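Chemist: The structure under discussion is supplied below as structure tokens; questions concerning it will follow.
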């Protein structure tokens, strides 16, 4: 029997927040499970950060993403450092749903992307 997809979160308004993803939140499976829909987004860059990797112990997140090691960004203060990713359009409710998906190794931070747009991103806690 095929697993049922969760119902999409009922947006109270159109997606108007940007969530910068450089890892598993770009995965269709993760998006469908977390938000009940595929998110719209476009390529962007996060300047002044670098990518490290962290072992994930939360079995549900590992099973959903298919990966036991996830990327995690940390600020360097060096404008030459950059992280390539996707700026995803989300609602406030979907942003809260992404908080639930991310494990304690991550915290959400406000950033300015290379495009000049403001976005949320999950960084090393």
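Bear in mind that the values in this text are calculations on the coordinates, not laboratory data. As the structure is a prediction and not an experimental result, all values here were calculated from the model. We place every Cβ from the backbone using ideal geometry, glycine too, and count neighbours over all the protein chains shown.
Chemist: Which one of 64, 113, 95 has the biggest mean-square fluctuation once the chain is modelled by GNM with Cα springs under 10 Å?
Modeler: 64
Chemist: Just need the Rg to Rh number for region 25-96, please, alpha carbons only, Kirkwood Rh.
Modeler: In region 25-96, Rg relative to Rh is 1.00.
Chemist: Given the alpha-carbon gyration tensor of the chain, what are the semi-axes of its equivalent ellipsoid in whole angstrom, ordered largest first, with each equal to the square root of 5 times an eigenvalue?
Modeler: Rounded to whole Å, the semi-axes are 24, 18, 11.
Chemist: Let me ask another. For the chain, set up a GNM with springs between Cα atoms under 10 Å and report which of 69, 111, 84 has the largest fluctuation.
Modeler: Evaluated over the chain, the most mobile residue of the options is 69.
Chemist: If you don't mind, another one. If I take R0 = 30 Å and measure r between the Cβ atoms of residue 32 and residue 103 in this structure, what FRET efficiency does the formula 1/(1 + (r/R0)^6) give, to the nearest 0.05?
Modeler: Efficiency for this residue pair is about 0.95.
Chemist: Taking only Cα atoms, what is the 0 to 90° angle, nearest 10, from helix 92-101's long axis to the longest principal axis of the chain?
Modeler: Around 90 degrees separate the two axes.
Chemist: Do you know the relative contact order of the chain, to the nearest whole percent, from alpha carbon pairs under 8 angstrom that are 6+ apart?
Modeler: Dividing the mean separation by the residue count of the chain yields 34 percent.
Chemist: Then there is this: Show that you can apply the helix-only estimate: for the chain, add -39,500 (n - 2.57) for every DSSP H stretch of four or more residues, divide by all residues, and state [θ] at 222 nm to the nearest 500.
Modeler: One gets -5500 deg cm²/dmol as the mean residue ellipticity at 222 nm.
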